[in-house]
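A short reminder: the numbers here are calculations on the coordinates, not readings from a lab. Note that the coordinates shown come from a computational prediction; the quantities given were computed from them, not determined experimentally. Note that we place each Cβ from the backbone using ideal geometry, even for glycine, and neighbour counts take in every protein chain shown.
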Amino acid sequence: MPSFRSVCLIAATAFSAFASASPIAGGITQEANLVVVNNLSNVAQNVGVDGVDVTAFGVCCEITPSAVETRAVQPLPVILKSAQEKLLVIKAEVDVIVTGGKKVDADTVRPIIVKIGAVIAEVVVSVKLLHGAPLNVILGVVAMVDVAGWLAAVLTLVVEILTALLGCVVAADVSIVVAIIAGTIDGVLCELLDLVVGLVGGLLATVVGLLGGVLHLLVSCGLNGVLAILLEVVVVL
C-alpha cells in the first residue's frame, strides 16, 4: 500500500495538470556549493551512489562530509535569516532579467536555479546539526511563531524568484525549466521541511497558515514534493 506521502504527491501531481493550464505570472559556502538532490518527483532514476547526478539537466550535485563537521551550530532564526539574505541577492539578479524584458532559454536560467538549490542545501546542512539540541537552542531567543515566519518567508521568496524566472522563459522551454527546478530544488526543500518537522513539532502547521496564496503556485514552479508535505499538514489539521 502506498504511503500517505505518496498519495499526497500523486494528488499534487494531478493538481499540476490544472495549474499548468494557467499562465505563470551573498556567496555560498563550500559544502553547499553543489546541490544535494533527493527528489520526490520523477527523477529518481538519475540518482547516483556517491552524489546525485541529474543527467537530464546537466547538474551534478554533492555535499562534502567534512563541511558538516566544521560548521558551528546556529539556531533556526539565524540559519533562515542568512538564507533569506542570500536569496535576496539572487532575486536581484532575476529582477535584472525581468526588467530587461527579453525572453530567455533554459540554459540561461539553469545556473540561477542551481544557486537557489545551493542556498537551501546549505540550510539543510546547518539544520542537521541541530538534531538532538534542546528547544531553546533550536529556536534561539524567539518564539516558535517567529521561526515559522522566517521559514514561510524563505519559501515565499523561493516561489517568487522561480515564478519570475518562469515568466521570463521562452514558451518552448518552460516545461524544461520546471523539470530542472523539480530535480534541483524540490527534493532539498522537502528534506528541509522534514528536518524542521523532526525538530519542532507543530511548526509546519503555522507555516502553512502563513503561506496563503503561495501554496497554489508550488506545482506550477515544479515543487510538487513540497506541496505534498504541506498537504499532509493540512489533512492532519
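Residues being touching a Pro at 6+ places or on another chain (Cβ under 8 Å) and in a helix (DSSP H, G or I) are represented in segment 116-138 by at least one member.
With GLY222, GLY201 as the choices, which residue is over 25 Å from GLU85 (Cβ atoms) and assigned to a loop (DSSP other than H, G, I, E, B)?
It is GLY201.
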